[in-house]
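S.K.: Here it is, the structure in full.
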Amino acid sequence: MTEMIKRRAHTLGALALLLLALVAPIGAVRADRDDARKLLVPAGNRVDSWAYAEGVQIYRWNGATWAFVAPEAVLYSGDDEDDVVVGIHYVGPTWESTSGSKVVGAVVDRWTPDPDAIPWLLLKATSSEGPGVFHQVTYIQRLFTVGGLAPADPGDFVGEEVRVPYSAWYVFYKEARPR
């Protein structure tokens, strides 16, 4: 990872932490700020990398509601100059890099700052394998989501699937090492 990308990753991580700590608009209740703080990564972890994702959230109609099935997204470097594909995101939830490493996470907590978008998430890595950017990832944050909500209208038949566009930023953390 180049020094420029590392600096951008640290900047995004710092921005994410600042926004999570100060997200509540003026006059909002304290509970909103407390909800945002649920997404802070525990001490002892540092931002290692980040990616911008564009894709879909897949839902299936079960006769009563739209049930979440899986995400499908392409991960980009987020470098405005190059926007290189760095991996994919799919069921698990799993993030797999173009270098072959992958990390699977489990949701720790969620917060919904925008009622028109899927929640922001804090996920803890449950497994990490292969050489590359996702090797030894400890936590993942899904932030700044746009879209991705299940349809408001009922499906036409049981088993119908819909693919709802979404975008998000994913921030990947690793255990901090002493300098």
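S.K.: Any residue that is among the hydroxyl-bearing types (Ser, Thr, Tyr) and closer than 17 Å to Thr145 by Cα - is there at least one of those in segment 93-108?
M.R.: No, because not a single residue in segment 93-108 is among the hydroxyl-bearing types (Ser, Thr, Tyr) and closer than 17 Å to Thr145 by Cα.
S.K.: What are the residues in segment 20-44 that are surrounded by fewer than 17 Cβ atoms within 10 Å (Cβ to Cβ) and at pLDDT 50 or above, if any?
M.R.: Scanning segment 20-44 gives Ala31, Asp32, Arg33, Asp34, Arg37, Lys38, Leu40, Pro42, Ala43, Gly44.
S.K.: Check whether at least one residue in segment 119-137 is assigned to a loop (DSSP other than H, G, I, E, B) and either closer than 19 Å to Val69 by Cα or under 12 Å from the mean Cα position of the chain (by Cα) (or both), and report yes or no.
M.R.: Yes; the residues of segment 119-137 include at least one that is assigned to a loop (DSSP other than H, G, I, E, B) and either closer than 19 Å to Val69 by Cα or under 12 Å from the mean Cα position of the chain (by Cα) (or both).
S.K.: Any residue in segment 143-151 that is closer than 20 Å to Ala73 by Cα, hydroxyl-bearing (Ser, Thr, Tyr) and in contact (Cβ under 8 Å) with a residue 60 or more places away in the chain?
M.R.: Looking for residues that are closer than 20 Å to Ala73 by Cα, hydroxyl-bearing (Ser, Thr, Tyr) and in contact (Cβ under 8 Å) with a residue 60 or more places away in the chain, one finds none in segment 143-151, hence no.
S.K.: Would you list the strands (runs of 3 or more DSSP E) that sit entirely within segment 48-111 and hold 3 or more residues that are modelled with pLDDT under 95 and charged (D, E, K, R)?
M.R.: Once the strands (runs of 3 or more DSSP E) in segment 48-111 are filtered for at least 3 residues that are modelled with pLDDT under 95 and charged (D, E, K, R), nothing remains.
S.K.: Restricted to segment 63-119, and to residues that are touching a strand residue (DSSP E or B) at 6+ places or on another chain (Cβ under 6 Å), polar (S, T, N, Q) and surrounded by 14 or more Cβ atoms within 10 Å (Cβ to Cβ), which residue is nearest to Ala152 (Cα to Cα)?
M.R.: Across segment 63-119, the extreme among qualifying residues is Thr94.
S.K.: Of the residues that sit in segment 139-177 and are under 12 Å from Arg46 (Cα atoms) and surrounded by fewer than 21 Cβ atoms within 10 Å (Cβ to Cβ), which one is modelled with the lowest pLDDT?
M.R.: So the residue we want is Arg177.
S.K.: Residues being over 13 Å from the mean Cα position of the chain (by Cα), of a type in the set (Val, Ile, Thr) and over 20 Å from Gln136 (Cβ atoms): count how many of those fall in segment 57-90.
M.R.: Of the residues in segment 57-90, 5 are over 13 Å from the mean Cα position of the chain (by Cα), of a type in the set (Val, Ile, Thr) and over 20 Å from Gln136 (Cβ atoms).
The values are calculated or read from the model by the stated rules, or taken from the named source; none is laboratory data. Here the structure is a predicted model, which means the values were calculated and not measured. As a convention, Cβ positions derive from the backbone with ideal geometry for all residues, glycine included, and neighbour counts pool all protein chains shown.
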